[in-house]
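Report on one structure; see the data block that follows.
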Amino acid sequence: MQTIWQTFLARRSDLWVALGQHLQISLIALIIAVVIAVPLAIWVQPHKRIANVLLQVTGVLQTIPSLALLGLLIPFVGIGNVPAIIALVVYALLPIFQNTYVGLADIDPAYREAERAFGMPRYLQLLRVELPLALPVIIGGIRTATVMIIGTATLAALIGAGGLGTFILLGINRNDPALTLIGAIASAALALVFSAGLAVVQRLKWRQLGWLAAILVVLGGGAAGYHAWQQPKEEIVVAGKLGSEPEILINMYKQLIEQADPNVTVTLKPNFGQTSFLFSALKSGKVDLYPEFTGTVVTALAKPSQAQQRQIDAGADSYPIAKALLAKSGLTMLKPMQYNNTYALVVKQSFAKAHGLTTISDLTKLGRTRAGFDLEFNDRADGYKGLKQAYGLNLAVSTLDASLRYQAIVKGQVVVTDGYSTDAQLRQYHLVALRDDKRVFATYRGAPVMKAKFAKAHPRLVRALNRLAGRISEKQMQEMNYEVGVKQESAAKVAKAYLQQHGLLEARHE
């Protein structure tokens, strides 16, 4: 409990920001879902066939995996709040539509006969009789949708929308249960508050509900207007993948850009969960730049020609090839940093010593060893697929999320896992990266990726970011990862310290 409390005190300002983001996304999604589902359920009351079709459609929509839905939405609507809200609305439609339809259908026919006897117009029948009678059932559906929305909204952090999912993802990624618990507890508390608020709403009269809706609209519009007024400068969106290293790099980018050009504001979008999400966001213009690695470009994001592939296989520098491949899509990659953050097969130091392991080839002596790889590595040509072909490995592989692989090897659930050469966990858990003696892994040198038009329009930004070219060794990057991922230092603070120490940032810059 003491650790959780200390983490809460250290992160309380970030928690309030995340809570506000989570509340905003959830509330907007809930209102939109109600506005769609309730009138739709009213309209289909006399049309049972259409109602059954819509119930089936909303039921099918709810079965779509959330990550798949987010991935499908990004190419069309980009990243951030919009795809997150659309996904949440999709999941909320079924309980609201179903409960509204059932609540209205189950009204005693005697009430409807009385309505017709008094000659009430249809809208008065709904407002004064049917909706008030069905309201408890409708509110029950909205409550169910609310809990679903708040729980699912944690995934919004994967596409740059922020929210309490940021705490949960960081906690898992850094093996910090306190962060995960804080995010989960805050999400559960938010669901309880929403549910209690709906119980109050249920007792309000229609006129009071109208005033409440008007107040929410005014407050929302005012907040949006104030936000727009507060940001007259050009906004540059810099995103990063999940983990401490991308977060450190994007903070370096932010500080270098804002020092070079005071007329811009840099907005950071950290902790994207999938490379494909981020690359799609860049191409669609929802992100201006992000740190990528040359090896990822030539193996996952673009297809090299046969001649280029032969160069890569022979150990040639992958940067010129990656830059040429990106240029075909109207993108460019700035000059890369020094360190090579390549893939690695990782084992415990004690295990390597006991079995005489120094290279990946040595693993073939062990037979069918238990391994745990993340899904991307397991399916990549320069991952396990390539290792099997080059080394003849036949490991007993289980796939798991990248953030869980080090926990699995520390607990002895697997013997071998994949990692990166600059991971802080190598030092933290006394692990060793086996040497890739057959050079299956490509060279992974990091550099900012952006649209070529954007780079041409922002020469000061390009010059500022190119100051990192050829800098940062593997040892320096691993140490910075250790400070952020293990010692829980702020990524912005660690990034600033490096830039100042190496004369890239003025000491007075904040």
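The values are calculated or read from the model by the stated rules, or taken from the named source; none is laboratory data. What you see is a predicted model; the values in this text were computed from it and never measured. FYI the Cβ positions are ideal-geometry reconstructions off the backbone, even for glycines, and counts take in every protein chain you see.
Being part of a helix (DSSP H, G or I) and either among the hydroxyl-bearing types (Ser, Thr, Tyr) or buried (at least 20 other Cβ atoms within 10 Å of the Cβ) (or both) is the filter here, so list the residues in region 74-89 that pass it. Result: Ile74, Asn81, Pro83, Ala84, Ile85, Ala87, Leu88, Val89. Of all residues in region 374-401, those satisfying the criterion of being of a type in the set (Lys, Arg) and free of Cβ contacts under 8 Å to residues at least 24 places away in the same chain are Lys385, Lys388. Here Ala327 passes the criteria (1) over 30 Å from the mean Cα position of the chain (by Cα); (2) surrounded by fewer than 17 Cβ atoms within 10 Å (Cβ to Cβ) except the one numbered (1).
For region 29-50, the set of residues classified as surrounded by fewer than 18 Cβ atoms within 10 Å (Cβ to Cβ) and among the β-branched types (Val, Ile, Thr) consists of Ile31, Ile32, Val35, Ile36, Ile42, Ile50, listed by residue number.
Checked across region 353-365, the condition of being free of Cβ contacts under 8 Å to residues at least 40 places away in the same chain and more than 23 Å from Ala433 (Cβ to Cβ) holds for no residue.
Of all residues being more than 30 Å from Ala455 (Cα to Cα) and of a type in the set (Ser, Thr, Tyr) in region 328-368, which is modelled with the lowest pLDDT? Just the residue, please. Looking at the filtered set, the residue picked out is Thr364. Only helices (runs of 4 or more DSSP H) whose full extent lies in region 452-499 are considered here, and the ones with at least 2 residues that are in contact with a strand residue (DSSP E or B) (Cβ under 7 Å, 6 or more places away or on another chain) and either more than 17 Å from Asn341 (Cβ to Cβ) or not hydroxyl-bearing (Ser, Thr, Tyr) (or both) are 452-457. When the helices (runs of 4 or more DSSP H) confined to region 230-317 are screened for residues that are surrounded by 18 or more Cβ atoms within 10 Å (Cβ to Cβ) and either touching a residue at least 60 places away in the same chain (Cβ under 8 Å) or of a type in the set (Lys, Arg) (or both), those reaching at least 3 such residues are found at 244-260, 275-283. Filtering Phe351, Phe293 for residues that are of a type outside the set (Gly, Ala, Ser) and in contact with a Leu (Cβ under 8 Å, 6 or more places away or on another chain) leaves a single hit, Phe351. Going by what's in this entry, would Gly151 be described as farther than 27 Å from Met480 by Cβ and crowded, with 22+ Cβ neighbours inside 10 Å? Judged against the criteria, Gly151 is not a match.
Against the test of being more than 18 Å from Glu292 (Cα to Cα), in contact (Cβ under 8 Å) with a residue 12 or more places away in the chain and of a type in the set (Gly, Ala, Ser), the options Gly470, Gly485, Gly446 yield a single qualifying residue, Gly485.
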